[in-house]
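The values are calculated or read from the model by the stated rules, or taken from the named source; none is laboratory data. Nothing here was measured: the structure is a model prediction, and the numbers come from that model. Quick reminder, even Gly has a Cβ in these numbers, built from the backbone with ideal geometry, and neighbours come from all protein chains shown.
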Amino acid sequence: MWEKKIDEVREMVINSIESLSDQEINTKPSDLEWNISEIILHLIAAEGRFLKLANQAAMEGNNIRVAPANLSPLDDRNQKHVAPIEPPSNFHSKDQLVSKLLNSRKKTHDFLNYFKENDLSNHSMNHHRFGEMPIWQVFELIGKHEWRHLQQIEEVKKRIL
């Protein structure tokens, strides 16, 4: 399910910035908050990091079946998290960001095309916040994480426009 849902959420992210100028995308709502460019760069870096963890665990083949991790904290925007992946703050155009989003998602699709769910059903990976989780749950993690930040993008848009 999440293998398809991540593409829907990614499309929503791209659509959410479609009408914004490069300047608006790089405008901070406050000195202590990320601008939309930084949020998107964070999403790209996090997706890469999550896939790296999943790929390493898949290649090691630990053959450990674990219960799904509880990812519900990602659903609550009132519950703040400190991001271990701090995005660069330099100027990025909308075209650059969309290109990076598409390239990042291509790598996720490459992973999906290489591994099938059955190949990974008995393998787990470790996430710094959620602990041991089935490798296949990485797609739920990517989707929920991106959905959370899509809401953040919408909040920033309201404040800068």
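Please verify whether the range 89-96 includes one or more residues that are out of contact with any Phe, Trp or Tyr (no Cβ under 7 Å at 6 or more places or on another chain), small (Gly, Ala, Ser) and surrounded by fewer than 12 Cβ atoms within 10 Å (Cβ to Cβ). Before you say what the answer is, go through the steps one by one.
Let us first name the residues in the range 89-96 that are out of contact with any Phe, Trp or Tyr (no Cβ under 7 Å at 6 or more places or on another chain), namely 89-96.
Those still in the list that are small (Gly, Ala, Ser) too: 89, 93.
Checking which are surrounded by fewer than 12 Cβ atoms within 10 Å (Cβ to Cβ) leaves us with none.
Scanning the range 89-96 turns up no residue that is out of contact with any Phe, Trp or Tyr (no Cβ under 7 Å at 6 or more places or on another chain), small (Gly, Ala, Ser) and surrounded by fewer than 12 Cβ atoms within 10 Å (Cβ to Cβ).
Of all the residues in the range 110-119, those that are assigned to a helix (DSSP H, G or I) and surrounded by 13 or more Cβ atoms within 10 Å (Cβ to Cβ) number 3. Considering the range 120-161 alone, what residues qualify as being aliphatic (A, V, I, L, M) and either buried (at least 19 other Cβ atoms within 10 Å of the Cβ) or part of a helix (DSSP H, G or I) (or both)? Answer for the range 120-161, where residues must be aliphatic (A, V, I, L, M) and either buried (at least 19 other Cβ atoms within 10 Å of the Cβ) or part of a helix (DSSP H, G or I) (or both): Leu120, Met125, Met133, Ile135, Val138, Leu141, Ile142, Leu150, Ile153, Val156, Ile160.
For every residue, the table says whether it meets (1) in a helix (DSSP H, G or I); (2) surrounded by fewer than 19 Cβ atoms within 10 Å (Cβ to Cβ); (3) modelled with pLDDT of 95 or more.
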position	(1), (2), (3)
Lys5	yes, yes, no
Glu8	yes, yes, yes
Ile14	yes, yes, yes
Pro29	no, yes, yes
Trp34	no, no, yes
Ser37	yes, no, yes
His42	yes, no, yes
Ala45	yes, yes, yes
Ala54	yes, no, no
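The condition of being surrounded by 14 or more Cβ atoms within 10 Å (Cβ to Cβ) and among the small types (Gly, Ala, Ser) holds for only one of Ser104, Ser99, that being Ser104.
In the range 82-135, the residue that is modelled with the lowest pLDDT out of those that are small (Gly, Ala, Ser) and under 24 Å from Asn35 (Cβ atoms) is Ala83.
Here the condition is being part of a loop (DSSP other than H, G, I, E, B) and in contact with an Asp or Glu (Cβ under 9 Å, 6 or more places away or on another chain); of Pro88, Pro84, it holds for Pro88 alone. Among the residues of the range 71-88, none qualifies, meaning not one is buried (at least 17 other Cβ atoms within 10 Å of the Cβ), touching a Ser or Thr at 6+ places or on another chain (Cβ under 8 Å) and touching a residue at least 60 places away in the same chain (Cβ under 8 Å). Close contacts from the range 110-138, counting a first residue that is under 14 Å from Lys52 (Cα atoms) and of a type in the set (Val, Ile, Thr) and a second that is loosely packed, with under 12 Cβ neighbours inside 10 Å and modelled with pLDDT under 90, with Cβ to Cβ under 9 Å and a gap of 6+ residues or different chains, come to Ile135/Ser121.
Residues in the range 17-26 that are surrounded by 17 or more Cβ atoms within 10 Å (Cβ to Cβ) and over 15 Å from Ser99 (Cα atoms): Leu20, Glu24, Asn26.
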